[in-house]
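S.K.: The structure under discussion is supplied below as structure tokens; questions concerning it will follow.
The values are calculated or read from the model by the stated rules, or taken from the named source; none is laboratory data. Values in this document were obtained by computation on a predicted structure and should not be read as measured data. All Cβ positions, glycine included, derive from the backbone under ideal geometry; neighbour counts span all protein chains shown. These accessible areas exclude ligands, DNA and RNA; they are computed on the full protein's heavy atoms, side chains included. Shrake-Rupley method; radii C 1.70, N 1.55, O 1.52, S 1.80 Å.
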Amino acid sequence: MRKKAIVFDIQRASLHDGPGIRTTIFLKGCPLDCLWCHNPESLGKKRQLSFNIEKCTNCGDCAKVCENEVHSFINGKHLINYNACDFSGKCIDACNFNALKIIGSEMSVDELMLEIMSDLDYYATSGGGMTLSGGEPLSQFSFSMELLKQCKEMGIHTCVETSGFVSIKHFKEILGYLDMLLFDYKVTGASAHKKFTGVSNETILKNLDAAYLYGVPIILRCPVIPGINDSEIHFNAIAALDKKYPNLHSIEILPYHTMGNSKRISIGVEETLEHLKTVPPEITANWIELLRSMGCNKAKMG
Amino acid sequence: MQKIDDFSMELNFTEAYRKNINEHIAIREAICHQAQFPAVLSEIQDNDRLAGRTFWGWIGFSPHNAPGGAAYGYFCHEQKIIEAIERGNIPIEQRDGVHEMLHFWKKETSKAKVEAAFTEKMLPVLFRDEIVSLPYNFKPMIAQPIYRMAGVFVNYEKLLRLGIPGLKSEITTYRDNSKASGGDYQLYEGMLMALDVFIDSCHHYEKQAIEKANSCQDPKRAKELLQLANVLKNNAQSKPQSFYEALQLSWLYTLICGSLELGRVDVYLGDFYVNDIDNGIITEEEALSLMHSYWRLINELFRDVDGRVIIGGRGRRNEESADRFALLVLETMRTYGRAILPQTTLRFYEGMNPQLMEKSITLIGDGHTFPLLYNDDVLVPGVAAAHDVPLEDAEQYMPLGCGEIVIDHAGFGTPSGSLNVLKALDVTLRNGVDPISGKQLGLQTGHLKDFKTFDEFFDAFKKQLAFFIEILADHEELEYVESAKQAPYLYLSMLYDDCIARGKAIFDGGIKYLGGSLESFGSVNTADSLTAIKKMVFDQKLISAEQLIAALDNNFVGYEKEHKLLKESPKYGNDDNYADDIMVQLHDFMCNNMRDQRDRTNLDWYLNVLINNKQNTILGRWVGASADGRKAGREMANANTPAGGNDKKGITALLNSLVKPSHKIHAGTVQNMRFGRDFFNNDRPKFEFLLNTYFKKGGAQAMITVINRGDLENALVEPEKHHDLFVRIGGFSSRYIDLPRDVQLEILSRVTY
Ligand code: SF4
Ligand code: SF4
């Protein structure tokens, strides 16, 4: 198969993206724009230049090789015009201090399969397999489909971690190749959903319904961000979903962490959530308590 | 406080040796033991439940347990004596004697005897008398001789079954028979004298315990001391009847025979323990209290690279009792708290009582470095093949100190040399010349630029390695030959198969198997360097031979581009065949070449070991920048662990790489691996799957540590060496060094140890 996708990370021996020991493939590109995203470098569909200011010595070597004048130095400050970069990689090779890198590399399904297959023994003993994540992996539908198919052919357990924001037609097609879904539930209410993630949740909820009816085991993953969705309404909605879908595999609560912030700066995106702080464990424990009191016993910390 | 500068013991010892210099070596050694014990046995301390502490003299006799830097046979710690002379605190009447004694031992120590016997071939390669104590160490040599008889695992089972009197009567029978038939009965005579020294030592401590009890204010402690006195008295006159007596006898014997290993405690103590518990002779609490004392003594008296307590595994005749005792050992570890010793070692196999592994993993998860895990399903057949012994002997394999594998009371294999593999590569790049001294240290095999292909270069490197390996193998053999000439090592000979029956001393044809091992250091950096050379200089030709040498000579300063290319070349530990294949080729060559030395020498085996100790750091100081991107003087990677956290692809990729080199051709490797704490808490079942899969895939060993505060702190200082650290935050796993600084600090602040 010739199909290629931009992969921004491969994590082997991953323990938290489904059952057993897994290899998680992160595809770049996401149609949502969640304010709290901890992987802002995964949003763009294209590759991306990333700059680590802590490592830069201002030596200027990058500027010498760049044909697009991406790098400039004003008053001893290294400025980067991210939009002009065409990912030639020349400055990456030129920088001796590893201050620059390009996020994302183009990979074929075959190349990924080779890497995935290396840990077959570990999947077999632990009941693990491959998890496709992102970004939103289903945005690259045909690539994802092909990868899932090949995994199934090799008898590898498959998971997809998705926002659910994908056409209903595509979504239904992919269900047959899934052993498990990690499905995000982000914000309650269509308009609030649009406000904080950039898209409405209408399709998302339909897809959730479709997956449930199809019978794919589902782990509902709920990022909780103080001030945005740590409201009683939202927790109630989670509890309601639990009632509506009694056979949900489990519900994972993922508390907000600031780690995405400094990553934004390194790819030239403004910091958006300066005021937010990492949530201390006492508070997250309260959330679980609250959910329990609402009759949702499946909720646990992710 | 240092030992006061009273040299009466050393002077007596020297006198004993000298007077008997022409005596039979067994008699001479026994008389020397009389001068040494109980003189070097130090006092029972306040909370000791067991008697037996040593304060070795600066001169004495011991196979291994003696002052650091001197521990081999008849030893003399010159530096310490010279320091004392310079302090001027030696009693006047001793001064001439001390000077004279120092002079006398220059030619008489066991080490001097070996050095005097060096062959023509050894002379230019192995250094003599240039050794300075750790951590300064050595001139920049590639092959280092090591002087000590390490890895003593005596037959504790026999010792405890017969007791001292039983052993005496067995030896007496042999002596009488030998005498009657006109044989060399003196060896037996020496053994009997040595056993009397042991009995005197028991009485010495018995007396001391009684005295201490009499002057003790605390009635509970006084009772304990009297109990101890009674145990010692029984040890002197009968075979052990209780767990307490068995533990005391084995401990004192370990000390006096000069061993630093404890061996299969679960087998030799298990029956005593189970009998005493089941018959109400001792309580669990009391047993634990004795074990704590044992643990404390080991910690205070042994060095951190020694002290193997081995539990579990195949080939235990009393498996059920042994398992129960093994659980006591693990409970001792838990209640004693994290400690650097003993190096508790869990041998396991499929079908063994699962409690042993479960408890062990819990301990590791709590931050204990031990137990070290040894997979019998791989190692028993592995040892049978590598050491070329029958399976039933292989079942009795014992990893000593740092991890060299020998056979319990039947096969000796002290590591008598170390090979700085990376330094050998250093000189191979430069036609055999050492860039530090400018001397021709290796063979003249040409300069890097002279080679047309990588294979030609690799062959030249192999030639260099083979040259050093031969010399070190010869040296191992020579060490045994000279040891045998000088002393029968009485305490070992009487408890090693088949010395008594053959009437021969351990190193003089008495022991069943006499093998050896060679500690190789820097293999992983070497393999990675070869990979980088292959890729950059020969395959892709991005760096010329001249450029590479210049970059290395300049420690990459001014050669940042080259440095970057070299660092980014494939590295072992990532399940990448380009790099792993070269590691396997190097491993195969070294192991097989060493293994073939048995055909050239009289050794039953001579095998490679890849282990952890400080040598990777110390020897690294003599190696310039290397082609894997390592800078001049920096440490080399431990054992066959990926260099400097170079395993970037996660634990499964690391484990896949680790199982590639064969385990049927060496005498021990240590596989270091680090796991985040979450593996031991919520994800413990996954951790067990991971470990089981690794072991099923042929993983021989695992030394597991939990990522701790120190690791994270080091990663902040030197991120490029810690690609392998993964942490879990906010529902995601991330590579620690890739996280923003503030997040790194936040995680660090949450880690408690
Ligand atoms: S080459 Fe690297 S270190 Fe030099 S200015 Fe560019 S980014 Fe900074
Ligand atoms: S990757 Fe190429 S275009 Fe982009 S900044 Fe670097 S040199 Fe310029």
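S.K.: Which angle between 0 and 90 degrees, to the nearest 10, do you get for helix B:219-237 versus the longest principal axis of chain B when only C-alpha atoms count?
M.R.: 80
S.K.: Any idea how far the Cα center of region B:350-409 sits from the one of region B:597-653, in Å?
M.R.: Distance between centres, Cα-based: 22 Å.
S.K.: Which residues' amide hydrogens lie under 5 Å from the amide hydrogen of residue A:48, considering only partners 5 or more residues apart or on another chain, with H built in the peptide plane?
M.R.: Under 5 Å from the amide H of residue A:48: A:103.
S.K.: Please compare each pair in A:45/A:263; B:113/B:439; A:64/B:561; A:90/B:631 to a cut-off of 22 Å on the Cα-Cα distance and tell me which ones are over it.
M.R.: B:113/B:439; A:90/B:631
S.K.: Multiplying the sequence separation of residue B:741 and residue B:8 by 0.36 nm and subtracting their Cα-Cα distance, what value in nm do you get?
M.R.: In short, 257.8 nm is gained.
S.K.: Between residue B:501 and residue B:555, what is the label-point separation in nm under the 7 Å Cα-to-beta-carbon projection?
M.R.: Between residue B:555 and residue B:501, the label points sit 5.9 nm apart.
S.K.: Right, something else. Indicate, rounded to the nearest 5 percent, the antiparallel portion of the DSSP beta bridges found entirely in chain B.
M.R.: Among the beta bridges of chain B, antiparallel pairing accounts for roughly 45 percent.
S.K.: Which whole number gives the average, over all residues in A:13-19, of C-beta atoms from other chains lying within 10 Å of the residue C-beta?
M.R.: Numbers: counts 13, 6, 12, 8, 2, 0, 1.
Mean shielding count: 6.
S.K.: In straight Cα distance, which lysines are under 18 Å from residue B:239, not counting same-chain residues fewer than 8 positions off?
M.R.: B:158, B:168
S.K.: May I ask you to give the solvent-accessible area per residue for region B:444-595, in square angstrom, as obtained with a 1.4 angstrom probe?
M.R.: Counting only protein heavy atoms, the per-residue value for region B:444-595 is 33 Å².
S.K.: Relative contact order of region B:138-277: what whole-number percent is it, with Cα pairs under 8 angstrom and at least 6 residues apart?
M.R.: Here the relative contact order equals 31 percent.
S.K.: Within region B:438-477, list the residues whose amide N lies under 12 Å from a label point set 7 Å along Cα→Cβ of residue B:431.
M.R.: B:440, B:444-450
S.K.: Counting Lys and Arg as +1 and Asp and Glu as -1, what is the net charge of the other residues whose Cβ lies under 14 Å from the Cβ of residue B:320?
M.R.: -2
S.K.: Ok, one more. A plus B alone minus the pair: what accessible area, both sides summed, probe 1.4 Å, in Å² to 100?
M.R.: Details: alone 14600 and 28310 Å², together 40010 Å².
Summed over both sides, the interface buries about 2900 Å².
S.K.: Moving on. Tell me the angle of helix B:186-214 to the major Cα principal axis of chain B, expressed in degrees between 0 and 90 and rounded to the nearest ten.
M.R.: Computed tilt is about 80 degrees.
S.K.: Something else now. What are the aspartates and glutamates whose alpha-carbon lies under 13 Å from the alpha-carbon of residue A:277, with same-chain residues fewer than 8 places away excluded?
M.R.: Cα-Cα hits under 13 Å: B:742, B:746.
S.K.: Here's a follow-up. Starting from the amide H of residue A:27, placed 1.01 Å from N in the peptide plane, find each other amide H under 5 Å away whose residue is 5 or more places distant or on another chain.
M.R.: Under 5 Å from the amide H of residue A:27 lie the amide H atoms of A:8, A:133, A:134, each far enough along the sequence or on another chain.
S.K.: Which GluC sites (Glu not before Pro) in region A:63-115 pass both tests, a DSSP loop state and at most 15 other beta-carbon atoms within 10 Å?
M.R.: Passing sites in region A:63-115 are A:67, A:69.
S.K.: Additional query: With a 1.4 Å probe and every protein chain kept in, tell me what percent of the accessible surface of the protein assembly as shown is carbon plus sulfur.
M.R.: Working: 20200 of 40010 Å².
Carbon plus sulfur share of accessible area: 51 percent.
S.K.: Which angle from 0 to 90°, rounded to the nearest 10, does the C-alpha axis of helix A:281-293 make with the longest principal axis of chain A?
M.R.: 30
S.K.: Please give the net charge around residue B:588, taking every other residue with its beta carbon less than 11 angstrom from that of residue B:588, where Lys and Arg add +1 and Asp and Glu add -1.
M.R.: After counting each charged neighbour, the total is +3.
S.K.: Can you pull the one-decimal nm distance between simple spin-label points at residue A:77 and residue B:200, each 7 Å off the Cα toward Cβ?
M.R.: 8.5
S.K.: How long is the gain from residue B:577 to residue B:42 if the chain were fully straight, where each residue apart is worth 0.36 nm and the alpha carbon distance is subtracted?
M.R.: 187.0 nm
S.K.: While we're looking at this one, here's another question. Using a 10 Å cut-off on Cβ atoms, rank the peptides B:620-631, B:206-217, B:691-702, B:590-601 from the highest mean neighbour count down.
M.R.: B:620-631, B:691-702, B:590-601, B:206-217
S.K.: Can you return the lysines within cross-link range of residue B:696? Criterion is Cα-Cα under 18 Å, with same-chain partners fewer than 8 residues away left out.
M.R.: Hits, sequence-local ones excluded: B:660, B:664, B:686.
S.K.: Ok, one more. Would you kindly derive the ³J(HN,Hα) couplings of region B:469-484 from the backbone phi angles with the Karplus curve 6.51 cos²θ - 1.76 cosθ + 1.60 (θ = phi - 60°), listing them in order in whole Hz, with x for Gly and Pro?
M.R.: 4, 4, 5, 5, 5, 4, 5, 4, 4, 4, 4, 5, 4, 5, 4, 4
S.K.: Still on this model: Given a cut-off of under 8 Å on Cα pairs at least six residues apart, what relative contact order in percent is computed for chain B?
M.R.: 12
S.K.: Per residue, how many Å² of accessible area does region B:8-132 show with a 1.4 Å probe? Present the calculation step by step, with values, prior to reporting the outcome.
M.R.: Working: 5490 Å² over 125 residues.
On a per-residue basis, region B:8-132 sits at 44 Å².
S.K.: When DSSP assigns beta bridges and you keep just the ones with both residues in the protein assembly as shown, what percent turn out antiparallel, to the nearest 5?
M.R.: Here the share of antiparallel DSSP bridges comes out near 40 percent.
S.K.: Further, regarding this structure: Please report how far the C-alpha centroid of region B:465-486 lies from that of region B:283-316, rounded to the nearest whole angstrom.
M.R.: Computed from Cα coordinates, the inter-centre distance equals 34 Å.
S.K.: What net charge is computed for the residues neighbouring residue A:129, neighbours being all others with C-beta under 15 Å from the C-beta of residue A:129, Lys and Arg scored +1, Asp and Glu -1?
M.R.: Residues near residue A:129 contribute -2 overall.
S.K.: With the crude spin-label approximation of a point 7 Å out along Cα→Cβ, what separation in nm comes out for residue A:250 versus residue B:614?
M.R.: 4.6
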